[in-house]
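Down below is the structure, laid out as structure tokens.
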Amino acid sequence: MRLIRSAALAGAVALALSACGGGEDIEAEAPEPVAAEEAEFEAGSTMAELSEAGEMTIGTKFDQPGFGLRGLDETPDGFDVRIAQYIAAQLGIEADKIKWVESPSSQREDLIVNGDVDMVVATYTINDKRKERITFAGPYYVAGQQIMVKKDDSTISGPEDLKANPDVKICSVTGSTPAENIREYLASPDQLVTFEVYDDCVTQLENGQVQAVTTDNVILVGYVAENEGKFKLVGEQFTEEPYGIGIEKGDTAFCEFINESLEKAAEEGYYEEAWKETAGAYEGTEVPELPELEPCA
């Protein structure tokens with residue numbers, strides 16, 4: 001099971017991302033992975049089936065700046081999307097042959113188990129509960145949970161302030177790791193408000209229906225940047241969230257292939273460039289290194 005010919009980085013497509021702080025446009029040259037022309041895999045493997053089909057279905061978020069955000073052309077872009085495109089390219093699948101499926105946190109495992117997607121790349125924290133239903137490749141990034149409030153709010157400076165302010169409502173999304181993590185800091189369960197997507201949380205924060213939003217810091221940085229002057233992050237990150245790629249449970253060969261593809265993306269410089277041109281275009285982010293990959297089992 002090996003690639004006879006691997007993908008190389010192609011010439012670029014111009015992309016403009018708006019940076020936080022100064023509000024200036026950052027002109028970035030977006031790398032596009034070239035689909036491998038000759039890819040040979042073990043017969044019957046997921047890789048062989050997808051490669052032969054020449055297309056695949058991938059789940060991602062549509063509402064998260066920097067990681068998975070759907071634009072006016074209905075196509076998502078972000079770091080998750082770029083990572084998924086690279087993996088597809090290693091299978092010989094062109095970017096325009098990928099079908100993107102919106103994957104809210106509460107639906108990700110079901111989409112995989114039901115066979116609605118071939119994999120999910122959607123700020124998907126690896127944890128033991130999820131491993132009961134699916135297999136994770138990766139991690140390809142490690143985030144940390146934080147809190148976002150309105151720019152002029154001084155009530156909450158970190159999760160510890162939530163119990164002292166029982167009237168404060170904090171929002172996250174249904175089925176997410178951040179929603180579960182924040183519960184231990186609450187004065188009562190009623191303080192937590194959940195929606196299917198983070199855009200709804202941001203709208204409720206803007207309208208004053210909730211006073212805080214919590215999720216991973218890199219996602220919140222994107223919302224701060226996209227809503228310049230309205231919001232801010234408070235406190236330090238208080239968790240570690242390793243992002244993995246969800247696939248059908250027990251598909252060890254596909255997991256190993258994905259991990260090999262992640263290592264290759266890092267070696268070729270694609271991983272770093274993809275970060276800089278998506279999530280890394282926002283002020284307050286740093287170029288990560290590919291984390292140590294977990295063994296596939």
* Structure fact -> About its Cα centre, the chain carries a charge dipole, from +1 on Lys and Arg Cβ atoms and -1 on Asp and Glu Cβ atoms, whose size in debye to the nearest 20 is 780 debye
* To do: Would you mind calculating the gained length between T57 and E228 on full extension (0.36 nm times residue separation, minus the Cα-Cα distance), in nm to one decimal?
  => 58.2 nm
* **Inter-probe distance in nm under a simple model that places probes 7 Å from Cα toward Cβ, at E289 and D167** => 4.9 nm
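Over all distinct Cα pairs, what is the inverse of the mean 1/r for segment 145-234, reported as the Kirkwood hydrodynamic radius in Å?
12.6 Å
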* Pairs K131/K276; K61/K249; K61/K276; K99/K276: which exceed 28 Å Cα-Cα? -> K131/K276
* To do: Quantify how much of the Cα-Cα distance distribution of segment 220-292 extends past 17 Å, in percent.
  => 60 percent
* Which ³J(HN,Hα) values in Hz, rounded to whole numbers, follow from the phi angles of segment 129-145 under the Karplus curve 6.51 cos²θ - 1.76 cosθ + 1.60, where θ = phi - 60° and Gly and Pro get x? -> 4, 5, 5, 5, 10, 9, 10, 10, 9, x, x, 10, 6, 10, 9, x, 6
* By how many nm would the segment from E40 to N207 lengthen if fully extended, with 0.36 nm per residue of separation less the alpha-carbon distance? -> 54.7 nm
* Just T203, T135, T278 to compare: in a GNM of the chain, with alpha carbon springs under 10 Å, which one fluctuates most? -> T203
* What share of the DSSP beta bridges in the chain is antiparallel, in percent to the nearest 5? -> 70 percent
* Structure fact -> Excluding residues fewer than 8 positions from K150 in its own chain, the aspartates and glutamates with Cα under 13 Å of it are E206, E228
* Structure fact -> A student applying the Cα gyration tensor rule (rounded when a/c is under 1.5; otherwise prolate if a/b is larger than b/c, oblate if not) would label segment 63-124 oblate
* Averaging over all projection directions, find the projected area of the Cα convex hull of segment 74-159 and quote it in nm² with one decimal place. => 7.9 nm²
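Between A187 and K249, what length comes free when the chain is fully extended (0.36 nm per residue of separation minus the Cα-Cα distance, one decimal in nm)?
18.6 nm
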* To do: Sort W100, W275 so the one with the fewest other Cβ atoms within 10 Å of its own Cβ comes first.
  => W100, W275
* Asked: Along the charge dipole of the chain, which of T177, V142, Y282 sits closest to the positive end, that is, farthest toward it, with unit charges on the beta carbon of Lys, Arg, Asp and Glu (+1, +1, -1, -1)?
  -> T177
* To do: Grab the other residues whose beta carbon is less than 9 angstrom from that of L69, score K and R as +1, D and E as -1, and report the net.
  => -1
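Just so you know, all these numbers are worked out from the coordinates, no wet-lab data involved. What you are looking at is a predicted structure, and each value in this text was computed from that prediction instead of being measured. Cβ: placed from backbone, ideal geometry, glycine included. Neighbour counts: every protein chain shown.
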